[in-house]
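Since the structure comes first, as structure tokens, the remarks are kept for the end.
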Amino acid sequence: MTLELGGKSPAIVAPDYPIQTAAERIIWVKMLNAGQICTNVDYVFVPEGKAEEFVSHCRRLIAQRYPDLNAADFTSIIDQRSYDRLVATLEDAKAKGARIVNLAEGQAPDAGKRKFAPQAVLDPSEDMIVMQREIFGPILPIMTYRDRSEVAAYINAHDRPLAIYPFTHDADTRDFYISRVMSGGVSVNEALLHVGQHDLPFGGVGPSGMGHYHAREGFNTFSKLRPVFYQGPVSAIQMLFQPPYKGRPMKILQFMLKMRG
């Protein structure tokens with residue numbers, strides 16, 4: 001069996017990576033199925049001083065790609081319970097001091113169709129619901145950082161995510177996040193797409209799941225590997241390990257233990 005549970009998968013924009021390109025790729029995934037994908041970007045780290053620029057690009061992209069949230073291009077939330085949960089999550093963040101930015105300003109999504117406008121949550125804190133559980137909707141918390149070690153420490157202090165998404169052209173920074181942050185999978189300079197590579201195993205680790213499927217690993221996961229042992233004509237075990245345990249068998253055993261030591 002295999003078990004995949006989702007979780008809070010972060011995107012990390014390195015200082016060397018263009019903010020505009022990062023916004024284009026992250027907001028595409030975040031808006032896909034209105035964020036209702038287990039490996040979606042749950043929150044994003046951007047360098048200190050870049051949050052406003054990132055938000056500005058997100059708003060421009062949504063206005064360009066989704067001029068009408070009530071149209072079929074933008075997915076409704078799956079059911080009323082999930083819609084109400086997203087509303088409560090946003091209200092909780094606002095009540096606890098976060099700055100909420102409507103990324104589709106000027107639009108009036110139809111609540112009757114469970115259309116939920118994409119929102120950015122700036123300055124989120126640990127006591128907010130939005131940072132405690134998987135969002136599974138078009139709400140994007142944005143955090144800032146000064147040093148990459150801060151990012152690794154934050155992610156590692158929480159449940160292991162189903163995926164991480166580092167955006168960088170610097171090989172050392174890329175390898176830092178891959179080696180220092182444990183996750184079920186990784187997409188570099190993109191989000192989500194590692195799941196679609198059918199020659200790569202997909203799965204979680206720790207609280208985000210166990211096991212793998214896709215590729216050869218999937219065949220092994222869902223197969224029972226049946227071991228079969230064949231004894232040759234001469235059985236050394238019968239010659240050595242029959243009582244009484246003394247004489248030549250004991251000397252050979254002691255020699256073997258000495259060699260291992």
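Before we move on, is ALA117 over 22 Å from VAL46 (Cβ atoms) and either in contact (Cβ under 8 Å) with a residue 40 or more places away in the chain or not β-branched (Val, Ile, Thr) (or both)? Spelling it out, it is not the case that ALA117 is over 22 Å from VAL46 (Cβ atoms) and either in contact (Cβ under 8 Å) with a residue 40 or more places away in the chain or not β-branched (Val, Ile, Thr) (or both).
Exactly one residue among GLU48, GLU53 is within 23 Å of VAL188 (Cα to Cα), over 23 Å from the mean Cα position of the chain (by Cα) and either acidic (Asp, Glu) or crowded, with 23+ Cβ neighbours inside 10 Å (or both), and that residue is GLU53. Just the residues that are touching a Leu at 6+ places or on another chain (Cβ under 8 Å), under 19 Å from ALA152 (Cα atoms) and hydrophobic (A, V, I, L, M, F, W, C), please, taken from region 1-42. Of everything in region 1-42, just one residue is touching a Leu at 6+ places or on another chain (Cβ under 8 Å), under 19 Å from ALA152 (Cα atoms) and hydrophobic (A, V, I, L, M, F, W, C), namely VAL41. All told, VAL151 falls short of being β-branched (Val, Ile, Thr), free of Cβ contacts under 8 Å to residues at least 40 places away in the same chain and either within 29 Å of SER125 (Cα to Cα) or out of contact with any Asp or Glu (no Cβ under 7 Å at 6 or more places or on another chain) (or both).
Just so you know, all these numbers are worked out from the coordinates, no wet-lab data involved. What you see is a predicted model, and the numbers here were worked out from it, not measured in a lab. All Cβ positions, even for glycine, are placed from backbone atoms using ideal geometry, and neighbour counts span all protein chains on display.
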